[in-house]
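Q: Got a structure for you, questions after.
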Amino acid sequence: PEAVKLERLALEPVRRRASHILNSTGLNLSKFRGELLRLFGMGALEESMTVSVTSFGFKYGIPIDADLVFDVRFLPNPYYIAELKECTGLEEAVRAFLFGYRQTTEFMRHLEELFAFLLPQYVEEGKSSLVIAVGCTGGHHRSVAIAHALAAYIRGRGYPVTESHRDLGRT
């Protein structure tokens, strides 16, 4: 107690000049980080967390660094449509096929609602990066289209996003 009293006395001139005073009593490390970012962050609070969205094929394994994994193998598979088989989920024809189904648009609506809730929670908790993996069977069609749409949605909410498609080049 005596050392704290001496420290407060020594720091009193600094305290008088301070533009912000943060009482850290009762704050855990992530809450403290959040407060510092709110007060002194260089940009929006959302920019304190980077988000990586990747597509993958389950037949090649789940990405080891994924924080969240979504399985989209329940969606209609463009692989079985002759004119779409050699295309990817980055091509408009595949996206039009997939998003022409109610379950795809409904799933995206639910994903968007989930991430509208989750992302601020992760930022508040002090998470600096989040890896989201979206998988289908081969990682060429469904997962690519959904990951691409999800990355665009998250980017639109102000978060820095990287988008990758791990298995797109595999056959």
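The values are calculated or read from the model by the stated rules, or taken from the named source; none is laboratory data. Only a predicted model underlies this, so the values are computations on that prediction, with no experimental measurement involved. Methodologically, a virtual Cβ is constructed for each residue, glycine included, from the backbone with ideal geometry; neighbour enumeration extends over all protein chains shown. Remember, those area values only see protein heavy atoms, side chains included, never the ligands or the DNA or RNA. Shrake-Rupley method; radii C 1.70, N 1.55, O 1.52, S 1.80 Å.
Q: With respect to THR104, determine if the residue is touching a strand residue (DSSP E or B) at 6+ places or on another chain (Cβ under 9 Å) and either among the hydroxyl-bearing types (Ser, Thr, Tyr) or closer than 18 Å to GLY138 by Cα (or both). Give the steps one after another, and end with the answer.
A: Working: touching a strand residue (DSSP E or B) at 6+ places or on another chain (Cβ under 9 Å): no; either among the hydroxyl-bearing types (Ser, Thr, Tyr) or closer than 18 Å to GLY138 by Cα (or both): yes.
Considered against the rule, which asks whether it is touching a strand residue (DSSP E or B) at 6+ places or on another chain (Cβ under 9 Å) and either among the hydroxyl-bearing types (Ser, Thr, Tyr) or closer than 18 Å to GLY138 by Cα (or both), THR104 comes out as no.
Q: Out of the stretch 154-171, which residues are outside any loop (DSSP other than H, G, I, E, B) and of a type in the set (S, T, N, Q)?
A: Start the filter on the stretch 154-171 by keeping residues that are outside any loop (DSSP other than H, G, I, E, B), which leaves 154-156, 161-165.
Hits for the stretch 154-171 are THR162, SER164.
Q: If you don't mind, there's one more thing I want to ask. Search the stretch 94-121 for residues that are β-branched (Val, Ile, Thr) and pair each with any residue that is part of a helix (DSSP H, G or I) and modelled with pLDDT of 95 or more when their beta-carbon atoms are under 7 Å apart and the residues are at least 6 apart or on different chains.
A: What qualifies is VAL94/PRO78; VAL94/ALA145; THR104/LEU98; THR105/PHE99.
Q: Consider LEU111 carefully, then state whether it is open to solvent by 20 Å² or more (accessible area, probe 1.4 Å) and under 24 Å from the mean Cα position of the chain (by Cα). Explain how you work it out, then say what you get.
A: Working: open to solvent by 20 Å² or more (accessible area, probe 1.4 Å): no; under 24 Å from the mean Cα position of the chain (by Cα): yes.
No.
Q: Something else about it: Among the residues of the stretch 119-148, how many are open to solvent by 50 Å² or more (accessible area, probe 1.4 Å), over 23 Å from PHE97 (Cα atoms) and part of a loop (DSSP other than H, G, I, E, B)?
A: Of the residues in the stretch 119-148, 2 are open to solvent by 50 Å² or more (accessible area, probe 1.4 Å), over 23 Å from PHE97 (Cα atoms) and part of a loop (DSSP other than H, G, I, E, B).
Q: May I pose another question? Pick out the one residue from ALA93, ALA116, ALA151 that is assigned to a helix (DSSP H, G or I), out of contact with any Phe, Trp or Tyr (no Cβ under 6 Å at 6 or more places or on another chain) and surrounded by 20 or more Cβ atoms within 10 Å (Cβ to Cβ). Before the answer, list the steps.
A: Details: ALA93 fails: surrounded by 20 or more Cβ atoms within 10 Å (Cβ to Cβ); ALA116 fails: surrounded by 20 or more Cβ atoms within 10 Å (Cβ to Cβ).
Answer to the selection: ALA151.
Q: Here's another thing I want to ask about it. Looking at (1) within 20 Å of HIS148 (Cβ to Cβ); (2) surrounded by fewer than 15 Cβ atoms within 10 Å (Cβ to Cβ), can you tell me which one LEU98 breaks?
A: (2)
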